[in-house]
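Below is one structure; the comments refer to it alone.
What follows draws every value from the coordinates through simple rules; no lab data is involved. Quick caveat, the model's predicted, so the values are computed rather than measured. Quick reminder, even Gly has a Cβ in these numbers, built from the backbone with ideal geometry, and neighbours come from all protein chains shown.
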């Protein structure tokens, strides 16, 4: 009986195949402790009573060499990698074996010996010491667009590449302010060298690109040229601790140039929370990783600019790093600002790329966001973005073998009978929406997908989307089948619904992005009540879009844009006039007049009482009290007619003036009201009586 059991055990050993092993175990080694009176030779042969059984078991396991560890314990080297856990469990049952266990690996909890390490509170918060036990980086090039970098600083010396000075137009990008040397040190000061400070990535190389003068100021021409220079010189990451409130085409084009070439752009969100909290560029450009600042209490600092464009937060108060001063030269010091937060993220990105060099820039950004510690409001919020940076968690996310198999596609099929509709992917997956029309595909790898939806009647629509593979890559696609029926349903009054604001005046609801936009930019006086539910409509550019009609307007969702541009307003003034057969280009022009605002672009003047009404409303961009002309223009557009008398549908004669997106009406004692152009457009399309 014992012989049969032993034969079964040997056969079980013979069927062991290489298997996935925990990163904390050595795949081709186990530790074996023998009972008293037993010992092993260096060739893993047994000395002791009844040695044949254990010898056969060790031979079948592939034991090749044995090393005495003391106390009757041995390290066994195996011919081939096996799962140490399974093998150890089976050997532990063999007579003569006290225990057998995997040879576990331990790692040092690296604490660098830099003199100023105790001053770097951020390292503990970021779990940097544990992260550095995994990697301290590689020779990835980080371009520092700033006031220059001191190439002689002992923390950076030997890793500062030849750069360029776009302020003085020469090849000497040495620092003459100190700001650039500070940010370079946060990202890449050499660690564990016994001096000063430790940066995020100890081996990274720095490409100095001087775009700011000694007062910390620079212009878009220099910055745009600097971005292109950095990309062309091989930078994988560009860190930009500067910004301003104005969008410009030259800067936007340079950002696009870098993104199209798989370069990761990291930018400070700004230090203007108390000065209106205005979004800053380049941080606010889509695709740029925007970073706000936290303090030692992990709260967003009082100076940090926040907003929907923020992606991550990182330490930015009392940060210790390298410095250059005119009086003392290379030194160290503390600084505050999102300028200090930004290079933390740039250095962290280099660590992620060190362990996963095959990732794209977008995937690296998503790894950092997935690994962040969620703070503030759960989920993404305007203060922390996806959370406060965590180096260790970012590396753990990066090392996840399933990192790039977690994307999803979801959406709603607007159809008379959604449960009888089929939704399929070009890779062969297929599903059916639920009763509300919702569908979803999970665990998708990177790639471009075609989503095809088919109705029972044979109608078919399709759209293409691209995914990065990470859990943050979610594509939302809505379809409208049986279009006329779906539209008719959208304009039919509904009952109150959970999660939506209900307006009994029209019998319709308002929710989500459209509700937030409606509230933020004028609400009832500007847009009126909703007169439809959300539905899919083909826009003038041929794209399918989620829309909703209001008494005075039409909202169109563009989720690829950042707020407030993610909701676009229809040029209703232009649309309604053209539907009436009026080409506003041919309308009589006006001329500049005292007390009026003249628009040479359209040839019309804006005078009272319409001028005050135009100036009092607008989309909210700058979070400052009152409305700027840019905000007025964004809501109403320019005048496309002179004031003129028209007959309203109820027969009244009234003075009106047409704008690109509105019609102003002078109602005398009731003041200036905005025309019900949403109602008129819905009637013109035959959707509303």
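For the reader, a short list of remarks on this structure follows.
- Backbone N under 15 Å from the residue 652 label point (7 Å along Cα→Cβ), restricted to the range 601-624: none
- Whole-number D in µm²/s for the chain (Stokes-Einstein; Kirkwood sum over Cα pairs; 10 °C, 1.306 mPa s): 53
- Column: log10 I(q)/I(0), Debye, Cα scatterers of the range 103-207, q = 0.11, 0.15, 0.22 Å⁻¹: -0.36, -0.62, -1.13
- 10 Å-binned pair-distance histogram of the range 417-556 (Cα, whole percent): 10, 35, 33, 19, 3
- Projected-area mean, the range 580-689, by convex hull of Cα positions, square nanometres: 8.5
- Where labels lie 7 Å past Cα in the beta-carbon direction, separation of residue 326 and residue 374 in nm: 4.9
- The antiparallel fraction among DSSP beta bridges confined to the chain stands at about 70%.
- With all pairs of different C-alpha atoms in the average, the Kirkwood value for the hydrodynamic radius of the range 485-570 is 13.1 Å.
- Axis of helix 179-188 versus longest Cα principal axis of the chain: the two differ by about 40°, to the nearest ten degrees.
- Stretchable slack from residue 494 to residue 228, in nm (0.36 nm times residue separation minus alpha-carbon distance): 90.4 nm
- Sites residue 684 and residue 520 - FRET efficiency at Förster radius 30 Å, r taken between beta-carbons, to 0.05: 0.60
- Angle in degrees between helix 51-61 and the longest Cα principal axis of the chain, rounded to the nearest 10: 30
- Taking packing as the residue-averaged number of other Cβ atoms within 10 angstrom, the listed peptides 456-467, 666-677 run from highest to lowest as 666-677, 456-467.
- Potential lengthening of the chain between residue 593 and residue 111 amounts to 166.3 nm, from the contour at 0.36 nm per residue minus the alpha-carbon distance.
- Gyration tensor analysis over the Cα atoms of the range 284-360 returns equivalent ellipsoid semi-axes of 24, 19, 11 Å (largest first, whole Å).
- For the range 614-675, the calculated P(r) over all alpha carbon pairs, in 10 Å bins from 0 to the bin holding the longest distance, is 22, 45, 25, 7, 0 percent.
- Taking packing as the residue-averaged number of other Cβ atoms within 10 angstrom, the listed peptides 580-593, 61-74 run from highest to lowest as 61-74, 580-593.
- The simple spin-label model puts a point 7 Å past each Cα toward its Cβ; for residue 670 and residue 157 those points are separated by 8.0 nm.
- Each of residue 424 and residue 440 was given a label point 7 Å from its Cα along the Cα-to-Cβ line. The distance between the two points is 2.4 nm.
- Scoring 212-225, 36-49 by mean Cβ neighbours within 10 Å over their residues and listing the highest first yields 212-225, 36-49.
- Mean projection area, nm², convex hull over Cα of the range 202-303: 7.6
- Stretch gain in nm, segment residue 121-residue 402, where the contour uses 0.36 nm per residue and the Cα spacing is subtracted: 97.9 nm
- P(r) tail fraction, the range 117-399 - alpha-carbon pairs more than 32 Å apart, %: 12
- Sites residue 558 and residue 459, calculated FRET efficiency, Cβ-Cβ separation with R0 22 Å, nearest 0.05: 0.30
- Scattering curve values for the range 407-481, log₁₀ I(q)/I(0), Debye with Cα scatterers, q = 0.11, 0.12 Å⁻¹: -0.24, -0.28
- Ordering 384, 281, 332 from the fewest to the most neighbouring beta carbons within 10 Å gives 332, 281, 384.
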